[in-house]
Amino acid sequence: LNPITTAEGEKCLAEVRVGDRLVRIGAWRIDVGCTSIYLLDTDLPENDPEDQELTAQLYSGDERMRIRQEMILGIGGVRVLRALGIDPAFWHLNEGHTSFLSLERLRETMERGLTIEAGLAEIRSNSLFTTHTPVAAGHDRFQRDLTTTALSFFMERAGLTPEEVFDLGAEPDDTNGMLSMAALALRTTGACNGVSRRHGEVARRMWHKLWPEGSVDEVPISHITNGVHVPSWLSREIRGVLDAHLGPGWLDRHYEQTIWNLVTDIPGDELWLAHQNQKQRTQRMLRERTRRTWVHGDLKAVQVVASGLLLDPEVLTIGFARRFATYKRANLIFSDLDRLTRLLLDDDRPVQIVFAGKAHPRDEHGQGLIRQVYQLALNPALEGRIAFIEDYDLHLAHYLVSGVDLWMNTPRPPMEASGTSGEKASINGVPQFSTLDGWWLEAFSGENGWPIGTDDWSHEQEAAGGTGVEEQDAKDADALYETLESKIIPLYYERNDRGVPEGWVAVMKESIRTTGADFSSRRMLLEYIERFYGPASKT
């Protein structure tokens, strides 16, 4: 991580006037392989103390803080790149937070003498907007007075009136005259995509109001399903097995399905042993985390149990680790505590569940879900079969996606845009157990994991704004228990004379085989290049 300075040694690379104050922006660079990542920084002594905090924390503060952060990201981001002499061939806006980038590029074209229409045509020709949020409330919208004040100097310099800016960012059904960052991105970029096939469908319906003259299917929003970086997320043990059986240099060609078809021939005993070793390593790591926290006096005795100390490597272990948003329904498996308790404490075929994750700082319902999970983890009647692992981060995620037996995901359809944690687990031979939404709707083959419920979600249900949610939750909870009781648990505990669950290992193999190529970031990037980056760079 290296600070970037000017030739004179100054940290300030660019400036953005936000309201009545000038905010200076510095940057840091991280080189990841042959790719450089630039991180913007307003923590400079020249800035007002309040402005120094703009880049201190994500998702913090109120709308006033948020719009200022997004001006730094969008407008400031372009200006930092210009200061560094970087002239991108293509601009990819990731979510609506970046939308002011298009306004800054539009200002540049107008300074060269182009009209608004000509400037928009130019920036649309080499830009793409990827939306990740299938929930209307998840898209940033800013009050007119707040926006006008924050952008006043920028609009004056650009020669843009408030009406012209708000026309670009208006939602037709909004009677409050707010600036929608998603609408602004959709109107100022040349293409848009969702991050799974189902999410593309949802996004076309959500934004049909911007193109009302055509049908929903004609809304210009496509999809490219998210993928995960296979080399980063493979566990040490599973990587060793694949190295031994997929041939020299297989990882360099891991986007080819023929490579992954060889997984079928891996000896089941070998794959099972590798998984068991990884599972034990994960539980040793959790015990070590607990020991260290205990030594430092940060745990009470009752909290030790909740941290996973009593987890048993011989027991079927379900993993649930992600952001605790309400729609992800972390508490779905607690719908019938008596039924769940019988599964957890079964003498012959017990189950244990490991939870981890964080909630948005302002998501009180998500924080409430965490409290509910944690209280159950503390409950002595459940005998330590539920654990909640605190301080969830990438390091912990690496262990959990490969060190459990089953990866559970319970989003309420169609609100899961993609769901990449399940992809990370699947490439490690940890089957997916999820509602049919996001990537899993595309990946489920009938042999590589299990669905929760059916794909009976309807457009009408979504349009009704959640009508029937309680009924759907009850159906999904019953399906979850039924699948565990009749399919998953029996298959896991059915062993051959060598102690290997042959049927389960077959699901593990199919999980790896069907995920490695189609849901890798290599495949995803190639698709972006072929469909968007490549054609635009040739114009």
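The values are calculated or read from the model by the stated rules, or taken from the named source; none is laboratory data. Just so it is clear, the model here is predicted, and its values are computed rather than measured. All Cβ positions, even for glycine, are placed from backbone atoms using ideal geometry, and neighbour counts span all protein chains on display. All accessible areas refer to the heavy atoms of the entire protein, side chains included, with ligands and DNA or RNA removed. Shrake-Rupley method; radii C 1.70, N 1.55, O 1.52, S 1.80 Å.
Net length available on complete extension from Glu364 to Gln280 is 26.8 nm, with 0.36 nm assigned per residue and the Cα-Cα distance removed. Kindly express, to the nearest 10 degrees and within the range 0 to 90, the angle between helix 502-515's C-alpha long axis and the longest C-alpha principal axis of the chain. Helix 502-515 and the main axis of the chain meet at about 10 degrees. The trypsin sites (Lys or Arg not before Pro) of segment 359-453 that DSSP puts in a loop, and whose beta carbon has at most 13 other beta carbons within 10 Å, are Arg362.
Of the options Val305, Leu345, Gly249, report the single residue whose Cα projects farthest towards the positive end of the charge dipole of segment 230-362 (beta-carbon charges: Lys, Arg +1; Asp, Glu -1). Checking the options against the dipole of segment 230-362, the answer is Val305.
Compute the Cα gyration tensor for segment 284-437, then decide on rounded, prolate or oblate, letting a ≥ b ≥ c be the square roots of its eigenvalues: rounded whenever a/c is under 1.5, prolate when a/b is larger than b/c in the other cases, and oblate in all that remain. Rounded is the answer for segment 284-437, as its axis ratio a/c remains below 1.5.
A cut-off of 5 Å between modelled amide H atoms, ignoring neighbours fewer than 5 places along the same chain, links Ile386 with Ile353. Set Lys and Arg Cβ to +1 and Asp and Glu Cβ to -1, take the dipole of the chain about its Cα centre, and tell me which of Met178, Asn409, Ala517 lies farthest positive. Farthest towards the positive end: Ala517.
In this simple spin-label approximation, Ile4 and Glu530 carry label points 7 Å from Cα along the Cα→Cβ vector, and these lie 3.2 nm apart.
Taking +1 at the Cβ of each Lys and Arg and -1 at the Cβ of each Asp and Glu, which of Leu160, Asn261, Val216 sits farthest along the dipole of segment 145-264 towards its positive end, judged by Cα position relative to the Cα centre? Checking the options against the dipole of segment 145-264, the answer is Asn261. What percent does the relative contact order of the chain come to when contacts are Cα pairs within less than 8 Å and at least six residues apart? Taking the mean separation of contacting Cα pairs over the length of the chain, I get 13 percent. This model, with +1 at the C-beta of Lys and Arg and -1 at the C-beta of Asp and Glu, gives segment 1-140 a dipole about its Cα centre of some 360 debye.
Charged side chains reduced to their Cβ positions (Lys and Arg at +1, Asp and Glu at -1) give the chain a dipole of some 1120 debye around its Cα centre. When peptides 168-179, 295-306 are ranked by their average number of other Cβ atoms within 10 Å per residue, the highest-first order is 168-179, 295-306. Only protein heavy atoms count here; under a 1.4 Å probe, Arg124 has an accessible surface of about 90 Å². Only residues of segment 314-332 count here: report those whose backbone N is under 16 Å from the spot 7 Å along Cα→Cβ of Gln375, or say none. Under 16 Å, as judged by backbone N against the label point of Gln375, lie 330-332 of segment 314-332.
The His245 and Ser537 beta-carbon pair, evaluated with R₀ = 35 Å, returns a calculated FRET efficiency of approximately 0.35.
3J(HN,Hα) along segment 122-136, derived from phi through the Karplus expression 6.51 cos²θ - 1.76 cosθ + 1.60 where θ = phi - 60°, amounts to 5, 6, 5, 5, 9, 9, 9, 10, 9, 9, 10, 10, x, 10, 4 Hz, with x in place of Gly and Pro. Taking Cα centre as origin and charging only the Cβ of basic (Lys, Arg, +1) and acidic (Asp, Glu, -1) residues, the dipole magnitude of segment 211-265 rounds to 360 debye.
What number, rounded to the nearest 500 deg cm²/dmol, is the helix-based mean residue ellipticity at 222 nm of the chain, given -39500 (n - 2.57) per DSSP H run of at least four residues and division by all its residues?
Theoretical 222 nm ellipticity from helices: -12000 deg cm²/dmol.
Stretching the chain fully between Tyr59 and Asp145 yields a gain of 28.8 nm (0.36 nm per residue, less the alpha carbon separation).
The long axis of helix 268-295 is offset from the longest Cα principal axis of the chain by roughly 70 degrees. Relative to the longest principal axis of the Cα atoms of the chain, the long axis of helix 236-245 makes an angle of roughly 80 degrees. When every alpha-carbon pair in segment 230-357 is counted, what percent end up more than 18 Å apart? Summing the P(r) of segment 230-357 above 18 Å gives 68 percent of all pairs.
Between Glu314 and Arg498, residue separation times 0.36 nm minus the direct Cα-Cα distance comes to 64.8 nm.
In segment 147-248, which GluC sites (Glu not before Pro) are in a loop and have at most 12 other Cβ atoms within 10 Å, using DSSP for the loop call?
Taking segment 147-248 and a limit of 12 other Cβ atoms within 10 Å, the loop GluC sites (Glu not before Pro) found are Glu213.
Amide H contacts for Ser222 (H built 1.01 Å from N in the peptide plane; partners 5 or more residues away or on another chain; cut-off under 5 Å): Cys192, Asn193, Gly194.
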